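The values are calculated or read from the model by the stated rules, or taken from the named source; none is laboratory data. Bear in mind that the values here come from a model prediction, so they are computed numbers and not experimental data. Positions of Cβ are backbone-derived with ideal geometry, glycine not excepted, and every protein chain shown enters the neighbour counts. The accessibility values were calculated without ligands, DNA or RNA, using every heavy atom of the protein model including side chains. Shrake-Rupley method; radii C 1.70, N 1.55, O 1.52, S 1.80 Å.
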Amino acid sequence: MSKTYQNILSKTSFTPKSDWLQIKTIDMHTGGEPLRVIVDGFPELKGDSVLDYRRYCKENYDHLRTALMFEPRGHADMYGCILLPPNDDEGDFGIIFLHNEGYSTMCGHAIIAISTLAIEMNWVEVKEGETVLKIDAPCGRITSFVTVQNGQVAGVRFHCVPSFVVGLDRTVNVDGIGNVTYDLAYGGAFYAYVDMAKNNFNFDLTPDSYRKLIQTGMDIKHAVMEVDKEILHPFENDLSFLYGTIFIDNNKQTSGNDSRNVCIFAEGEVDRCPTGSGVSGRMAIHKARKEIDFGDTMSIESITGSVFKGSVVSEEDYGPFTAVIPQVEGTAHITGMQTFIIDPNDPMKDGFILR
């Protein structure tokens, strides 16, 4: 055996130089959608609330968001989160979400994943049967319920923030497409929901249409942003923006699921899972259309075939809206542990994206 190869076998740890930043993460996925959980090494964020922390991160450490989400450490569809103190003593922890465009207000797949991780890491007292977590997201407090069987996570369901419909069957003219019919609703984030049955598109909601879905979804998003003046949260201006377009196929799927969602969000990201905040907004739409009632459940699949179950827990007044509290159910898995290093002399230390 050569000496070089002996060295390879024995010297497997790399020690970064003292001026290199080290950030540790635990990587996960929920229904195929990635989540990079930052657990150590990120600079301290200042503020008194999750929204404060998000603003501070954006103003001071946005280059670390791009370093961890973009290539070469990530990719165009990477997603991440930072864990923080809760807004008050009633909460367990706070969370902000990172992606290729910036910082989202709500993320259901991240809630499912981080709830799973909290049990796996024993961050909370684990109770056989069900463990309850109170998580402060930018959109408000999310309550998640982790099902624990024989000490293992069997699934997660969460109650989202009040979710409401702004308008049904609206129309927008999109260059190169023509008139598109959409519903505008909020489920922790605002989405334009586009029913395939009401629009004449030359693509479907399968991986074969991946690039067409991105382009059309972004074209619709930008067109709606220009003309729809009601993308306004009733209480928080920081939440008042259109996050994405969700294409819906309500025909009974060959898999036996009730519907399919494909969400195009941020800067052309394609959600691999059915989109927790998107399913939350859909529950408000279906309740408004009298297509779902308390106690009913819908199974909604994604472009990868992963499934979330959605239902309506309750109804309440929320500013000028009649809102629902949706419940979303899914599962998540850990995929790896990473220690990322950032060499200050690396010309690509802040990342880049090629799509």
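A few comments on the model shown:
- Against the list (1) touching a helix residue (DSSP H, G or I) at 6+ places or on another chain (Cβ under 8 Å); (2) open to solvent by 10 Å² or more (accessible area, probe 1.4 Å), the condition Thr131 fails is (2).
- Residues that are out of contact with any helix residue (DSSP H, G or I) (no Cβ under 7 Å at 6 or more places or on another chain) and over 19 Å from Leu239 (Cβ atoms) within segment 43-61 comprise Pro43, Glu44, Asn60, Tyr61, listed in sequence order.
- Matching residues in segment 38-59 - criterion: being assigned to a loop (DSSP other than H, G, I, E, B) and within 22 Å of Trp20 (Cα to Cα): Gly41, Phe42, Pro43, Glu44, Leu45
- Checking each residue in segment 289-330 for being buried (at least 18 other Cβ atoms within 10 Å of the Cβ) and not in a strand (DSSP E or B) picks out Ile292, Ser302, Ile303, Ser306.
- Scanning segment 331-346 for residues that are outside any strand (DSSP E or B) and surrounded by 15 or more Cβ atoms within 10 Å (Cβ to Cβ) yields one hit, Thr331.
- Flag if Thr171 is assigned to a strand (DSSP E or B), in contact with a helix residue (DSSP H, G or I) (Cβ under 9 Å, 6 or more places away or on another chain), within 30 Å of Asn237 (Cβ to Cβ) and modelled with pLDDT of 95 or more: no
- Residue check: Asp62 meets all listed conditions (1) over 17 Å from Ile135 (Cβ atoms); (2) surrounded by 18 or more Cβ atoms within 10 Å (Cβ to Cβ) but one, namely (2).
- Per the listing Leu9, Leu35, Leu51, the residue uniquely hydrophobic (A, V, I, L, M, F, W, C) and surrounded by fewer than 16 Cβ atoms within 10 Å (Cβ to Cβ) is Leu9.
- Among the candidates Arg141, Arg157, the residue that is under 16 Å from Ile95 (Cα atoms), open to solvent by 10 Å² or more (accessible area, probe 1.4 Å), touching a residue at least 24 places away in the same chain (Cβ under 8 Å) and in a strand (DSSP E or B) is uniquely Arg141.
- Number of the exception - Ile142 against (1) more than 26 Å from Glu236 (Cα to Cα); (2) modelled with pLDDT of 95 or more: (1)
- Checklist (1) crowded, with 23+ Cβ neighbours inside 10 Å; (2) closer than 25 Å to Val328 by Cα; (3) not hydrophobic (A, V, I, L, M, F, W, C) applied to Gly268, failing item: (1)
For every residue, the table says whether it meets (1) open to solvent by 10 Å² or more (accessible area, probe 1.4 Å); (2) out of contact with any strand residue (DSSP E or B) (no Cβ under 8 Å at 6 or more places or on another chain); (3) on the phi < 0 side of the Ramachandran plot.
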position: Thr171; (1), (2), (3): yes, no, yes
position: Leu184; (1), (2), (3): no, no, yes
position: Asp204; (1), (2), (3): yes, no, yes
position: Pro207; (1), (2), (3): yes, yes, yes
position: Lys221; (1), (2), (3): no, no, yes
position: Met225; (1), (2), (3): yes, no, yes
position: Lys229; (1), (2), (3): yes, yes, yes
position: Pro234; (1), (2), (3): yes, no, yes
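- Some residue of segment 279-293 being over 17 Å from Asp183 (Cβ atoms) and in contact with a Gly (Cβ under 9 Å, 6 or more places away or on another chain): no
- The listed residue being in contact with a helix residue (DSSP H, G or I) (Cβ under 6 Å, 6 or more places away or on another chain) and either in a strand (DSSP E or B) or modelled with pLDDT of 95 or more (or both), out of Leu68, Leu35, Leu83, Leu64: Leu35
- Output for segment 110-128, where each listed residue is open to solvent by less than 10 Å² (accessible area, probe 1.4 Å) and free of Cβ contacts under 8 Å to residues at least 24 places away in the same chain: none
- Considering residues of segment 85-97 that are under 25 Å from Thr66 (Cβ atoms) and touching a residue at least 40 places away in the same chain (Cβ under 8 Å) only, the residue most open to solvent (accessible area, probe 1.4 Å): Phe93
- Any hit, segment 108-119, residues being modelled with pLDDT of 95 or more and over 22 Å from Thr304 (Cβ atoms): yes
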